[in-house]
Structures are given as C-alpha cells and as structure tokens.
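Each remark here refers to the structure printed beneath this line.
The values are calculated or read from the model by the stated rules, or taken from the named source; none is laboratory data. If you're wondering where the values come from, they're calculated on a predicted model, not measured in any experiment. Here the Cβ is made from the backbone with ideal geometry for all residues, glycine too, and neighbour counts use every protein chain on show. The area values use the complete protein model at the heavy-atom level, side chains included, leaving out ligands, DNA and RNA. Shrake-Rupley method; radii C 1.70, N 1.55, O 1.52, S 1.80 Å.
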Amino acid sequence: MRPLYQQAVNHFEALGLAGAENMQHSADLSMLNQGVTFTVYSDARGTEKIFPFDLMPRIISASEWSVIEAGVAQRMIALNLFLDDIYHEQKILKDGIVPCSQVMMSTLFCREMSGLHTPGNIHVQIGGIDLIRNESGAFHVLEDNLRCPSGVSYVVENRWVMGRIQPKLLNHYKVRPVDHYPQMLFNSLASLSKSDNPTVAVLTPGTFNSAYFEHSFLANQMGAELVEGSDLLVDRNILYMKTTRGLKRVDVLYLRVDTEFLDPLVFRPDSMLGVAGLMNAYRAGNVALANAPGNGVADDKALYAYTPDIIRYYLNEEPILPVIPTYLGSRESDLRYILDHMAELVIKPTDASGGYGMLVGSHASRQELSDFRKRVAANPSHYIAQPIQQLSTHPTLVEQDGCKAFFPRHVDLRPFAVCDVHGDVKVLPGGLTRVALRQGSLVVNSSQGGGSKDTWVLYPQQTESDHA
C-alpha cells in the first residue's frame, strides 16, 4: 500500500462493508436527486442513468500533479500553435515535420477555417487530456480531446457528494478544490469578447444528448444561457438569442455540438442542431466560438503520433508527458505489423471518440479479429494501433463472483484545462478518474458503461509521511 492511502484505507476498514454500502447508497441517492445522469446509447434497458460513482477516492500527491499540470499546459499551448499554423501559413507541413496528407486528407480538417483569425489566435479554449499510468508507474498521454471534451461536471459533482458523505476524510487530506471550474471556464470564454459584459451561451444538441446534464450544469453554474439551435438566429452577420423580451445579442457561444452540425449553410445541410449563418457571423468577428470549429484535426488519433514532434517544433522543448507508441495504418510497414499482431494491439478509428469502434485484441474472438482485419485492410488510413497498456488499477467497490467488496479495477485520468484569449492556460487541480467497472476490462469510457471516482490533488505542503 502506498503511504498516501493509509488514512483512507483505515477509514474504510473502520466503516466495514455494511457501512460502505450504506454510504454508497447515500452517494447514489445524492446523484439521483441532483439529476447527475449520463446516456449509454447501447444499453437496451434504458438510456438515461445515474452516473456510476465509486467511494474510494484517487489521491495524487502535489509532486505528481506538478508534472501532470505542466505536461497538460504544454500540450494545450503546442496544439493551439499547431492549429493556428495549419489554418494559415502551414509552416509545419512545409518543413516536413507532419506529413501534408495527414492534415489535408483528414476528414476532420475544416477548410472553412482556412485564413480565419480566431480571437488571440487561440483555437482550443477547453481541453481534456486523457492520461494513463502504465506498468512503468509514469503517466502517459492516451489521447487529446480538443473538440467537446466532456466530464468536468462530474468532477465537480463528485466532490460535492464526497463533501456531504465523507467530510472528515476529505478535510484530513487537505484536498485542493475543484468547484471553481465554472468560474475558470467563464473567465476564459468572456475573454474572447471585446465587450465589458459579454453574453455567453452554451449551445447544446438538446435533452437527448449523452452529456446534456453537463451542458445544463455548466450553463447554470456560469450564469450563462443554455440554448439549442432553434433558440438562435443570425441577422446581418450578428448572432441573436430569442427571448420573451425580443432578440438579445450573443457574444460568445460555447459549442457542445460537433462542427459538422453547426451551420447548415456551410456544413451538413440536413442539420437541425446548428444555426444558419453562424459561420458568416464568426468570420465577421461578431461572435466568438469555443472551441473553434475544425479542432478535430489536432486530436485525430493518427496525429497523436506526431505530437512529440509538434511540441519540439513550436516550443523547442522536450515533451513533459510521454505518449504511447503508435502504429499508423497509413504507413505500409506499420500496417503490416498491425495486421500480423492484432491480438496484441488496441486498434482505434482515427476520428472516433467515446470508445466506439475500437478493438482490444486480447479480448476479441477469432471471428472478431478476422472481421476487424478485413476492415483495417480495406481502409488502413482510418485506423491506428497501440500496444495494449496495462492500465493501473485502483480499489473499487463492486460485486465480483457473488461477493461485494473493494476489488482492483482499471482507471485512467482526464485533467481539464482552459485557455484564455492571451494564451494563459489553467489546469483544474484534479480531473475525471474513469474506472472500468467490469472485471479485466480496459474500456473506461462513460459511454461504454464505465464509472468515475473523485480525484484528490493534495496541497504541496503535504507529504506521504503525513498519512503513514
């Protein structure tokens, strides 16, 4: 046992299994009363569910966090520079650091953003960087989320729940707070507007979206408007919101809708989720959009393999957080390796998210491997592969073999960061620890039925010996 966890383990041993189950019931009831839900589209038993929450917190020391924080900020800065470059001068492509085909042939490259100057030349105002700790004990970047990273509302709600049901343990550890995130987010969004008192709105696809709870939570906590596409209109290149008192101008729109659905005049003509004329208003500089359209080209899973070189190119620094070795289907030698070693790899579509469409080779049947091999061979540039990582495990209160107790379950970590118009990056001290609730599963995505834990980042003055 790590000394840092000694007090937490003592706490749960004193509670006993019955006490822990009662506390879990209180936590679930609290989540239900607060409406903390998530949609699992693939579950035939019903879509909207209480977000699964585990009692045992994940504890991160100040020294560990300082590395994570610096590494996340470094990636946000470098990827912002990359996005601004590829939509303007494209120096990194001309210098051969990233293949031109990787960007220009990507389905996520947004040609409508070419030559368009974003406020402060910042494209990523909100980022979520997925990390894992593997068998080496070091944190590695699993992927970047630069379009609509979700889950931060659960970070805040998890802390509120822990504060209600385990206040003594929380106070003992002197944990850094996370409930100021909505203010961090609002400040970042408001900085994009030249108005002294900008109107900020959150654009949601609606109540049936998997992250609708988060959309409404963040809008409420920021004091911003929660709007759907039908609530907005563009007149003379200015974005307005329909209200009972007439039209009200919107200065900043926080997008929780994918780029392809934003504007039926520019992207998908059949979209009912966006606003006709929105891109014209954006080009005219009359509204700021966060995150900027077209960011998907930078969190494309194939581009991930080039991120260490991107950091070196723009910042002249070595990456603080290492990445996982990645094989690209677009490379002939890599493709041969992928097809010959599928049982040893995790294979992912380059443009998918939420754990959809991926294959964990070690858990796949012969038929699944055969079918997936044909799929990759037919469209190799659409896939990447990585060695299966032994994600770190964490004690989690679950039922296993008919017995309910604390069992090890695989976890990852998604820290959240915001960036203002001046390029100043702030990382929330904590993040969403996602946990695979099924025994042996490596898929922690909430959309695939995973759960979460509260993540405790300690203040610097605390050391592991304080809890021994």
> How would LEU189, LEU29 rank on accessible area, largest to smallest, probe 1.4 Å?
Replying inline: LEU29, LEU189
> When the convex hull of the C-alpha atoms of segment 142-262 is computed, what volume per residue in Å³ does it have?
Replying inline: 162 Å³
> With every protein chain kept in the model, how would you rank MET23, MET162 by accessible area, 1.4 Å probe, largest at the top?
Replying inline: MET23, MET162
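Wrap a convex hull around the Cα atoms of segment 221-320, take a quarter of its surface area, and give that in square nanometres.
Numbers: hull surface 36.0 nm².
Computed as one quarter of the Cα hull surface, the answer is 9.0 nm².
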>> Using +1 at the C-beta of Lys and Arg and -1 at the C-beta of Asp and Glu, which of GLN90, ALA201, LEU4 has the Cα lying farthest in the positive direction of the dipole of the chain?
In response: ALA201
> In segment 183-340, what % of DSSP beta bridges are antiparallel (nearest 5)?
Replying inline: 45 percent
> Using the Cα atoms as the points, what is the convex hull volume per residue of segment 268-378 in Å³?
Replying inline: 181 Å³
>> Over 21 Å apart: what share of the alpha carbon pairs of segment 1-145 falls there, rounded to a whole percent?
In response: 68 percent
>> At 0.36 nm per residue, and after removing the present C-alpha to C-alpha distance, how many nm does the segment from GLU89 to SER101 gain when stretched out fully?
In response: 2.7 nm
> Which net charge results for the neighbourhood of TYR313, defined as the other residues with beta-carbon distances under 15 angstrom from its beta-carbon, given Lys and Arg at +1 and Asp and Glu at -1?
Replying inline: -3
> Which shape class, rounded, prolate or oblate, goes with the chain when its Cα gyration tensor gives a ≥ b ≥ c as root eigenvalues, a/c under 1.5 marks rounded, and past that a/b bigger than b/c marks prolate?
Replying inline: oblate
> Between segment 171-219 and segment 395-464, how many Å separate their Cα centres?
Replying inline: 20 Å
> Taking a probe of 1.4 angstrom, what is the accessible area of CYS403 in Å², to the nearest 10?
Replying inline: 60 Å²
> Which residue, chosen from MET241, ALA364, GLY402, occupies the Cα position most advanced towards the positive end of the dipole of the chain, where the dipole is computed from +1 (Lys, Arg) and -1 (Asp, Glu) charges on Cβ about the Cα centre?
Replying inline: MET241
> If you add up the charges near LEU146, with Lys and Arg at +1 and Asp and Glu at -1, over every other residue whose beta carbon is less than 15 angstrom from its beta carbon, what do you get?
Replying inline: -4
>> Given a 1.4 angstrom probe, I'd like the percentage of the accessible area of the chain that is carbon and sulfur, rounded to a whole number.
In response: 50 percent
>> Only bridges whose two residues both fall in the chain count here: according to DSSP, what percent of them are antiparallel, nearest 5?
In response: 75 percent
>> Can I get the semi-axes of segment 378-434's equivalent ellipsoid? Compute them from the C-alpha gyration tensor as square roots of 5 times the eigenvalues, in angstrom, largest first.
In response: 32, 24, 9
> Mean Kyte-Doolittle of at least -0.5 and a Cα length of 24 Å or more along the axis: which whole DSSP H helices of the chain meet both?
Replying inline: 6-34, 62-86
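Quick check for you: with a 1.4 Å probe and neighbouring chains kept, what is the accessible area per residue of the chain, in Å²?
With all protein chains present, the chain gives 43 Å² per residue.
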> Using only the Cα atoms of segment 133-208, what do you get for the radius of gyration and for Dmax, in Å?
Replying inline: 17.2, 50
> What FRET efficiency do you get for ARG164 and ASN237 if R0 is 35 Å and r is their Cβ-Cβ distance, rounded to the nearest 0.05?
Replying inline: 0.15
> Which lysines, on any chain, are close to LYS91 with Cα under 22 Å apart, when same-chain ones fewer than 8 places away are left out?
Replying inline: LYS301
